[in-house]
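The values are calculated or read from the model by the stated rules, or taken from the named source; none is laboratory data. Note that the structure is a prediction, hence the values are computed from the model and not measured. All Cβ positions, glycine included, derive from the backbone under ideal geometry; neighbour counts span all protein chains shown. Quick note on the areas: whole protein, heavy atoms, side chains included, nothing else; ligands and nucleic acids left out. Shrake-Rupley method; radii C 1.70, N 1.55, O 1.52, S 1.80 Å.
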Amino acid sequence: MTLDRGIFVSVAERLLAGDVLYRDVWDNKDPLFYYTIALGRAVSPLMDIVLEMAWVALTGVGVALIARFLGARLRMCVVAGFVMTPLVLTGPLYFPGNSHLPAVAVATLSVALALQERYLPAGVLVAVTFFLKLVVTPALILPLVVIVAVRRQWRGLAWGALGALLGGGVMVAVLVVRQELVPYLGMLSANVGYSSSVLLNSSLPAPLAHFARLRTPAYGILAAALILTVVLGAVRWRRARAGVTGVFSLVTLSVIAAVVAATAVLAVTGLWVQHLLIYGFAAALAAALLAALVDERLGSRPLASLAVLVVAAVLLAGGPLAAIYPTLPPDKAIRMLTSTPREAQVILQTGEPASYARLGSNDDRGHAVGLGAWHLACPRFHQYRFDSQSSLDTVTRCLPKADVVYVSTSFAPKTSSLGGSSVWNPWVARTEQVLRADFTCAALDDGARICVRKERS
C-alpha cells in the first residue's frame, strides 16, 4: 500500500462499516472511486488487484476499438489493447491503486464509443468519469466536442449531453440517498483551496509553480512521445487527403485535445508527480493511433511491428526509467492485502471496540482494516502541513470524543524549509497538549504511539 493507497483502503473500509463519505470519513477523492474499492473489498481484499487489472483491461478494450476504427487489423488491435496499453499505464509514473486509472479507462472507452457515433453511452461515461476523477473530465470532454464539431453532428452533441445528464442524475440520486451530496460539494470547495495552499511559498506565478512541481525526466519523455505521435498522425491525415473528417484526423485531433485539456488542468491543479497520470488518457489514444500507423507500414512483418509498438508504449509511459513509486513483489503485496495492518492491531489490543482517532499523514497502511466495529471519532484521519488552520483545528476539537488515538511518526513538527510550518507546528503543539492532558500514551517499537483515554486505561 504505497503512497496514498492505504488512505484509499481505509476510507473504503469505513464505508463498509457504515460511515457516510465526506461526513464521517473524509478524503478529497471522488465518490465513485471509493464506491468501487469498497464494493471490491466487500468480496475480498484481493479484489484490489482484480480491480486494478480490470481498469487496465477496460482501457485496453477502448484502445483496441479505436485502433479498429482506424482500420488496423485484428491482431494489431489486440497488440494495441493488451500489450501496449498495460505498458503505457504502468510506467515510471504509475503506482498501484492510483485514482487516475479508473477514469482513464472509462474516458478511453467513451471516446471509442463517440468515434462509432454512439453518443448517448459516450455521454453516460462522461458522468461516470466525473464521479470517478473530476479532473480527468475536461480531458475527456474536449476530444468529444472536437469529434462532434468536426463531423458537424450537433444532434450527437445533444445525445451526449443527455447521456451525461442521465448518468449524472443517477449519481446525484445515490449521493442524496446516502446523505453525501452536501458534504461532497464541501469537499470540492476545499479542493480549490488545496490546489493553491501547497504553493504558498512559491515565488513563481501559479501555472509555472504548478509545473515546477511536476519536473521529472518521465514528463519530458512522455511529452516528446505524444508530440511525435501527433506529428505522425498529422502526416498520415494530410497524405489521406480526406479532410478533417477522415478517421486519422479525428483521432489525431482527439489526442491533441486530450493533451491540451490535461495540460490546462495541470496548470491549475498539478502538485505531485503522480498527477501526470492524467496524460494516461492521451497516451492511450496515441497508442491506438500508432498501432494503426505501424500496421499500415509494417503490417506484413509481425515481429518488427511488435518491437516498434513496444518501444512506442514504453516512451508513452514516460520512458525506460525506474519507477518513481516502487511497487511490492506480488507475494508481499498479497500478504499485506490479506493481513491486519500494524495500526489496526495496536488499536485492537487496547480493549473492547470503542471510538478511535488517527494522527498522521499519508503513511497510513490501511489502518481501518479490521476496525469495522469501532467508531471513527475524527473524519480527517490524515493531516498535512499544507492543510488550513480550520481543517486542522477540527481534528483537535474531535480528539476528546476518541477513546484511543493512534499517533503516527509523521505527526511531528516540520522544518520551515518544507513550507506550511507556521500553521502545522503550532497545531502539533496544541494537539500534543490535548494528548498529555487526556490520554496515557505509550511508545511503540516503530516510533509511533498509542494513546488511551485516561478513564479507559
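At-a-glance table
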{"quantity": "Enumeration of residues in the range 326-363 that are closer than 15 Å to residue 448 by Cα, touching a helix residue (DSSP H, G or I) at 6+ places or on another chain (Cβ under 8 Å) and among the hydrophobic types (A, V, I, L, M, F, W, C)", "calculated": "357, 359"}
{"quantity": "Some residue of the range 198-221 being under 23 Å from residue 70 (Cα atoms), exposed (fewer than 14 other Cβ atoms within 10 Å of the Cβ) and modelled with pLDDT under 90", "calculated": "no"}
{"quantity": "For residue 440: the one exception among (1) within 19 Å of residue 17 (Cα to Cα); (2) of a type in the set (Ser, Thr, Tyr); (3) modelled with pLDDT of 95 or more", "calculated": "(1)"}
{"quantity": "Failed item, numbered, when residue 116 is tested on (1) open to solvent by 10 Å² or more (accessible area, probe 1.4 Å); (2) at pLDDT below 95", "calculated": "(2)"}
{"quantity": "Conditions (1) open to solvent by 30 Å² or more (accessible area, probe 1.4 Å); (2) of a type in the set (A, V, I, L, M, F, W, C); (3) modelled with pLDDT of 95 or more; number of the one not met by residue 240", "calculated": "(3)"}
{"quantity": "Number of the condition not met by residue 453 [criteria: (1) open to solvent by 20 Å² or more (accessible area, probe 1.4 Å); (2) within 24 Å of residue 15 (Cα to Cα)]", "calculated": "(2)"}
{"quantity": "Residue count for the range 153-195, restricted to those that are open to solvent by less than 40 Å² (accessible area, probe 1.4 Å), among the aliphatic types (A, V, I, L, M) and farther than 30 Å from residue 391 by Cα", "calculated": "1"}
{"quantity": "Residue within the range 87-105 that is farther than 22 Å from residue 185 by Cβ and more than 16 Å from the chain's Cα centre (by Cα) present", "calculated": "yes"}
{"quantity": "Residue in the range 135-152 that is open to solvent by 10 Å² or more (accessible area, probe 1.4 Å), without any contact (Cβ under 8 Å) to a residue 40 or more places away in the chain and charged (D, E, K, R) present", "calculated": "yes"}
{"quantity": "Criterion violated by residue 321 - all others in (1) modelled with pLDDT under 95; (2) aliphatic (A, V, I, L, M); (3) more than 21 Å from residue 83 (Cα to Cα) satisfied", "calculated": "(3)"}
{"quantity": "Filtered residue count, the range 279-312, keeping only those that are in contact (Cβ under 8 Å) with a residue 24 or more places away in the chain, of a type in the set (A, V, I, L, M, F, W, C) and touching a Ser or Thr at 6+ places or on another chain (Cβ under 9 Å)", "calculated": "14"}
{"quantity": "Among (1) within 25 Å of the chain's Cα centre (by Cα); (2) polar (S, T, N, Q); (3) crowded, with 17+ Cβ neighbours inside 10 Å, the one test that residue 350 misses", "calculated": "(1)"}
{"quantity": "Residue within the range 394-406 that is among the aromatic types (Phe, Trp, Tyr) and free of Cβ contacts under 8 Å to residues at least 60 places away in the same chain present", "calculated": "no"}
{"quantity": "Filter result (modelled with pLDDT of 95 or more and either among the aromatic types (Phe, Trp, Tyr) or under 20 Å from residue 109 (Cα atoms) (or both)) within the range 171-197", "calculated": "171, 184"}
{"quantity": "Those helices (runs of 4 or more DSSP H) lying entirely in the range 125-231 with at least 1 residues closer than 23 Å to residue 286 by Cβ", "calculated": "137-151, 154-177, 206-212"}
{"quantity": "Scope the range 419-433; condition modelled with pLDDT under 90 and open to solvent by 50 Å² or more (accessible area, probe 1.4 Å); matching residues", "calculated": "422"}
{"quantity": "Qualifying residue in the range 69-80 (condition: open to solvent by 30 Å² or more (accessible area, probe 1.4 Å), farther than 30 Å from residue 299 by Cβ and of a type in the set (D, E, K, R))", "calculated": "no"}
{"quantity": "Number of the exception - residue 271 against (1) open to solvent by 10 Å² or more (accessible area, probe 1.4 Å); (2) assigned to a loop (DSSP other than H, G, I, E, B); (3) of a type in the set (A, V, I, L, M, F, W, C)", "calculated": "(1)"}
{"quantity": "Qualifying positions in the range 288-304 - over 32 Å from the mean Cα position of the chain (by Cα) and either among the acidic types (Asp, Glu) or assigned to a helix (DSSP H, G or I) (or both)", "calculated": "295, 296, 297, 298, 302, 303, 304"}
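A quick yes/no check of all residues on (1) modelled with pLDDT of 95 or more; (2) touching a Phe, Trp or Tyr at 6+ places or on another chain (Cβ under 9 Å); (3) open to solvent by 10 Å² or more (accessible area, probe 1.4 Å); (4) not in a loop (DSSP other than H, G, I, E, B):
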position	(1), (2), (3), (4)
368	yes, yes, no, no
379	yes, yes, yes, no
417	no, no, yes, yes
435	yes, no, no, yes
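Conditions tested, residue by residue: (1) under 30 Å from residue 388 (Cβ atoms); (2) among the aliphatic types (A, V, I, L, M).
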{"residue": "25", "(1), (2)": "yes, yes"}
{"residue": "40", "(1), (2)": "no, no"}
{"residue": "48", "(1), (2)": "no, no"}
{"residue": "81", "(1), (2)": "no, no"}
{"residue": "85", "(1), (2)": "no, no"}
{"residue": "89", "(1), (2)": "no, yes"}
{"residue": "99", "(1), (2)": "yes, no"}
{"residue": "109", "(1), (2)": "no, yes"}
